[in-house]
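Asker: Before anything else, here's the structure in question.
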Amino acid sequence: MARERQSRSELGEEVVERPSWLYPAMLAGLTLVIALVILYFYFGPRPEDLVGDTPNASVATRPIDFVISGRRFLIPENYTQFPRDRKGGERSGVTLYALLPDFLPFTARTADEFSDNGPRSRVVNIQIEQSFSPLDEAARLERIYLQRVRDPNGAPGPAGLTAFEFADKSGRFANDDLFVGKTDSGLAVFMCVKESAVIDNPNCRRTLGIGGTITVRYHFKRSRLQDWREINLGVLNLIGDFMDAAKAKSSSEPLAPASHVGAS
């Protein structure tokens, strides 16, 4: 080695000696960086976590002011499912949930019930969103659903509903049953996922319009379909309460001072 350094020195090359610990230290640093990357990949926040797209319950009760398609809603925070919805303001929609039968919001005491996704879960999930669908609920029933059922007259279903079976077992609604009920404001159309060996906790869902450009979607467990009247009325009353609270807040807010342009 000494001869090599001497011959390289004689050739005019600069000889640089590196400490013996340098390469092990570099290897240890690289190993640490790789370990940190792996830890972040498995345990660090995902992109959807950073933007609030992961469900995360809140026990806070502060009212959040939303405006959806020009309609104002004042909703307590513990009804919201996603952190992204807790900023309020102008939004295209908001996702909520409540606990049957009294449509109570999330609390620490009811955390286990809100996380229950079993067939007897008492959670009802609600979406309020801006929509421009050309077909309302009755039109969808006539033009889409009833055109695909086996018997357009249906059969008696639970709690005064009329049950329909879709004819095409391999089509768009192959895994659904159709139920139609009558309310004071018109028809209520429910699509319910069939129970199977794969799905033992199926949902029933309803989609309806309110106010022209706002759509409400809600779903609950099929095992509670016999309570559809109470659930439907509860959802609509809850949304009505949010709108009434927003109106009350607006009426109690002081008016902006008048502008005296040109006053001397």
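Asker: From Gly154, Gly181, grab the single residue that is closer than 22 Å to Gln226 by Cα and either in contact (Cβ under 8 Å) with a residue 40 or more places away in the chain or of a type in the set (Asp, Glu) (or both). Spell out how you get there, then give the answer.
Answerer: Values: Gly154 fails: either in contact (Cβ under 8 Å) with a residue 40 or more places away in the chain or of a type in the set (Asp, Glu) (or both).
Of Gly154, Gly181, the one residue that is closer than 22 Å to Gln226 by Cα and either in contact (Cβ under 8 Å) with a residue 40 or more places away in the chain or of a type in the set (Asp, Glu) (or both) is Gly181.
Asker: Give me the strands (runs of 3 or more DSSP E) completely within the range 133-238, filtered to those with at least 2 residues that are among the charged types (D, E, K, R), ordered by residue number. Show your work before the answer.
Answerer: Values: elements: 162-165, 176-183, 186-193, 203-210, 214-221.
Passing ranges, in order: 176-183, 203-210, 214-221.
Asker: Against the definition (charged (D, E, K, R), at pLDDT below 95 and surrounded by fewer than 18 Cβ atoms within 10 Å (Cβ to Cβ)), how does Asp136 come out, yes or no? Talk me through it step by step, then tell me what you get.
Answerer: Numbers: charged (D, E, K, R): yes; at pLDDT below 95: yes; surrounded by fewer than 18 Cβ atoms within 10 Å (Cβ to Cβ): yes.
For Asp136, the condition - charged (D, E, K, R), at pLDDT below 95 and surrounded by fewer than 18 Cβ atoms within 10 Å (Cβ to Cβ) - is met.
Asker: Among the numbered criteria (1) out of contact with any Asp or Glu (no Cβ under 9 Å at 6 or more places or on another chain); (2) exposed (fewer than 14 other Cβ atoms within 10 Å of the Cβ), which single criterion is violated by Arg62?
Answerer: For Arg62, the failing item is (1).
Asker: For Glu142, work out the one condition from (1) of a type outside the set (Val, Ile, Thr); (2) buried (at least 19 other Cβ atoms within 10 Å of the Cβ); (3) within 22 Å of Val180 (Cα to Cα) it doesn't fulfil.
Answerer: The number of the failed condition is (2).
Asker: Evaluate the following for Arg84: is it in contact with a helix residue (DSSP H, G or I) (Cβ under 6 Å, 6 or more places away or on another chain), at pLDDT 75 or above and farther than 30 Å from Asp227 by Cβ?
Answerer: Values: in contact with a helix residue (DSSP H, G or I) (Cβ under 6 Å, 6 or more places away or on another chain): no; at pLDDT 75 or above: yes; farther than 30 Å from Asp227 by Cβ: yes.
No.
Asker: Moving on to the next point. Can you tell me which residue among Ala98, Ala108 is surrounded by 17 or more Cβ atoms within 10 Å (Cβ to Cβ), small (Gly, Ala, Ser) and farther than 22 Å from Gly211 by Cα? Reasoning before the result, please.
Answerer: Details: Ala108 fails: surrounded by 17 or more Cβ atoms within 10 Å (Cβ to Cβ).
The match here is Ala98.
Asker: Looking only at the range 195-231, how many residues end up being in contact with a Ser or Thr (Cβ under 9 Å, 6 or more places away or on another chain), closer than 21 Å to Asp116 by Cα and among the basic types (Lys, Arg)?
Answerer: 3
Asker: Another question about this same structure. Please verify whether Glu165 is in contact with a Pro (Cβ under 6 Å, 6 or more places away or on another chain) and among the charged types (D, E, K, R), treating the condition exactly as stated. Break it down into steps so the answer makes sense when it comes.
Answerer: Details: in contact with a Pro (Cβ under 6 Å, 6 or more places away or on another chain): no; among the charged types (D, E, K, R): yes.
Taking the combined requirement at face value, the residue does not satisfy it.
The values are calculated or read from the model by the stated rules, or taken from the named source; none is laboratory data. Quick caveat, the model's predicted, so the values are computed rather than measured. For neighbour counting, all protein chains shown are included, and Cβ atoms are generated from backbone atoms with ideal geometry for every residue, glycine included.
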